[in-house]
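Undergrad: Encoded as structure tokens, here's the structure I'll be asking about.
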Amino acid sequence: MLWLLSGHPACGGRCLAWTALEGRSRLVRVRADELRAGMVARLVAGGRIRSPAVERAFRAVPRHLFLPGIPIERAYHDEAIAIKWQDGVAVSSASQPSMMAIMLEQLALRRGHSVLEVGAGTGYNAALMAEIVGSTGRVVAVDLDEDLVAGAAAHLASAGIHGITLATRDGALGYRELAPYDRIVLTVGSWDVQPAWWDQLAVGGRLLLPLSVRGSQLSVALDLLDRPSRCLHSVSVRSCGFVRMRGLGAGPQTRRSLGVGGLSLGTEDDRELDVDALLRFLAQPGVDRPTRARLSAGDLWDGLGLWLAVCEPDVFRLLVSGADEHYGELSLLPAGLDGGTMVLLGEDGLAALVSSDRRDRKRGSRVPVAVRPYGPGGGELADRLVNYLGRWLAAGRPSAAELRLRVYPTGSSAAVSGVRELRKEHSRLILDWPETVP
Ligand SMILES: C[S@@+](CC[C@H](N)C(=O)[O-])C[C@H]1O[C@@H](n2cnc3c(N)ncnc32)[C@H](O)[C@@H]1O
């Protein structure tokens, strides 16, 4: 028996204290197995796990061993658990299992694949991937921080998982030594598509990353069709919310504080905004235009909000932290610390989506919405926003899942068509909703 061989040094595993310890750890193992089976069953029932390979991996790898110090019950809840903070902001976490399952399905790993993960964190996702690619495949996982890599190595060892290459590295550079990869996956939010990922991905391979798209973060699976065009084209898009990349790929701030009332703008371009004028407009609300639409938080951020942000350069997320008495009503979302709405901003006013029934605010429920003009030019902007809302509803409420992207390196001369082009430092994103042209 293994525990006798590795038993208590003084007694060789025969004393009462050691036997009691062994008994307890067996109980913990049994309890963890039960909890894990429950978690997997819920992920399957919720449609997050869809393939036998991903299910097997979640059944095989004990998440609690990657979260030492966290009660095992919590380790098997469907929640992200922060493990490292800087200046009060979480910079590393064990991701939410349902999001991990969604991404592993998007990644479509096969036995024998070689995969690079940027954002090793606890090492749990690397362990799941190692289970899927098997002994003929290879998993390389990098993280920016040495302490996190050391932690991931310890967790993997405690789970008895060997053969994963871990390295402290800025993932914006990839890991050239073992390239090319069939899959490159980021488990950290990225503003751009870095040249190293293009270079280190095998032709026919897949890059999966949480990508910033005008204030939304989308988990985008992109296939590399051929080397000459370097075109990456999306095969799957989902909404997500990962901690942001630090280091070389950090990108610009996507949230700009307005300095009052917990207000900030969610944006990712460097556009100059006249914040004083915006605050002046907000002090001049007009009369609400009722609509027949009802929106949930998901509709707002991942449906209409994303759709508007893609079609209309003057649309922004206005975020409201806390329940500010002045601006709280601009929070279309149900209760929560961070709420907000979408606004259409013009030179002499703005228009915002607001809730027309402040009582109806259960999490996930759809609330009736109105459009409120602000400032002298708000009326015309409100008309435009009402019009957009009608077209989004008529198009069947398209959301992130319907969005299509093609990504080219900056400087590529490929002729492109699409609803919108976003230019980043290293990439050009061409966005489209093929079946629902706005
Ligand atoms: C959400 S956590 C990843 C969770 C991890 N996959 C797991 O299974 O526990 C994001 C990780 O990305 C790392 N990270 C941030 N910027 C990075 C960079 N430039 N290069 C590599 N890792 C980075 C963070 O340190 C953090 O550990």
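Undergrad: Which order do Arg36, Arg384 fall in if you start with the one that has the fewest other Cβ atoms within 10 Å?
TA: Lowest to highest Cβ neighbour count: Arg384, Arg36.
Undergrad: Between Ser135 and Glu272, what FRET efficiency follows from the Cβ-Cβ distance if R0 is 60 Å, with the result rounded to 0.05?
TA: After rounding to 0.05, the efficiency reads 0.60.
Undergrad: Output wanted: per-residue J couplings in Hz (rounded whole) for segment 23-37, from phi through Karplus 6.51 cos²θ - 1.76 cosθ + 1.60, θ = phi - 60°, x for Gly and Pro.
TA: Karplus values, whole Hz, x for Gly and Pro: x, 5, 5, 5, 4, 4, 5, 5, 4, 4, 4, 4, 4, 5, 4.
Undergrad: By counting other Cβ atoms within 10 Å of each Cβ, how are Arg428, Arg206, Arg111 ranked from fewest to most?
TA: Numbers: Arg428 18, Arg206 24, Arg111 11.
In increasing order of surrounding Cβ atoms, one gets Arg111, Arg428, Arg206.
Undergrad: Continuing with the same structure: Arrange the following residues from fewest to most other Cβ atoms within 10 Å of their Cβ: His233, His155, His113. Can you show the working numbers first?
TA: Details: His233 16, His155 25, His113 22.
Ordered from fewest to most neighbouring Cβ atoms within 10 Å, His233, His155, His113 come out as His233, His113, His155.
Undergrad: A further question on this structure: Just how large is the dipole of the chain about the Cα centre, in debye to the nearest 20, putting +1 at every Lys and Arg Cβ and -1 at every Asp and Glu Cβ? Let's see the in-between values first.
TA: On the way: 51 positive and 48 negative charges, 317 e Å.
Dipole of the chain, to the nearest 20 debye: 1520 debye.
Undergrad: Report, in deg cm²/dmol and to the nearest 500, the calculated mean residue ellipticity at 222 nm for the chain, where each DSSP H run with n ≥ 4 adds -39500 (n - 2.57) and the sum is divided by the residue count.
TA: Values: 11 runs with 119 residues, N = 438.
Value at 222 nm, helices only, nearest 500: -8000 deg cm²/dmol.
Undergrad: Can you run phi through the Karplus equation (6.51, -1.76, 1.60; θ = phi - 60°) for segment 136-145 and list ³J(HN,Hα) in whole Hz, with x for Gly and Pro?
TA: 8, x, 9, 10, 10, 10, 10, 9, 6, 9
Undergrad: Just going by the charge dipole of segment 81-249, with Lys and Arg at +1 and Asp and Glu at -1 on Cβ, which of Ser212, Val237, Ala196 is farthest out on the positive end?
TA: Selected residue: Val237.
Undergrad: From the C-alpha coordinates alone, can you work out the Kirkwood hydrodynamic radius of segment 81-249, in Å?
TA: Working: mean 1/r = 0.0634 Å⁻¹.
So the Kirkwood estimate lands at 15.8 Å.
Undergrad: A further question follows. Over all directions, how big on average is the projection of the convex hull of the alpha-carbon atoms in the chain, in square nanometres? Don't skip to the answer; put the middle values down first.
TA: Details: hull surface 95.2 nm².
In nm², the orientation-averaged hull projection of the chain is 23.8.
Undergrad: Can you list residues whose amide H is under 5 Å from Gly205's amide H, if they're 5+ apart or on another chain and H is modeled 1.01 Å from N?
TA: So Gly205 has HN proximity to Leu224.
Undergrad: To continue, here is another question. With all pairs of different alpha carbon atoms counted, what Kirkwood hydrodynamic radius in Å does segment 18-145 show? Numbers along the way, then the final one.
TA: Numbers: mean 1/r = 0.0647 Å⁻¹.
After inverting the mean inverse Cα-Cα distance, the result is 15.5 Å.
Undergrad: Between Gln253, Gly396, Ala57, whose Cα lies farthest towards the positive end of the dipole of the chain when Lys and Arg beta carbons carry +1 and Asp and Glu beta carbons carry -1, centred on the Cα centre?
TA: It is Ala57, whose Cα lies furthest towards the positive end.
Undergrad: Here's another thing I want to ask about it. Kirkwood Rh and Cα-based Rg: tell me the resulting Rg over Rh for segment 161-234, rounded to two decimals. Write out the running numbers ahead of the final one.
TA: Details: Rg = 12.6 Å, Rh = 13.0 Å.
With Rg and the Kirkwood Rh in hand, the quotient comes to 0.97.
Every number in this text was worked out from the coordinates using simple rules, so none of it is lab data. Every value quoted in this text rests on a predicted model; they were computed, and no experiment measured them. Note that each Cβ is placed from the backbone with ideal geometry, even for glycine, and that neighbours are counted across all protein chains shown.
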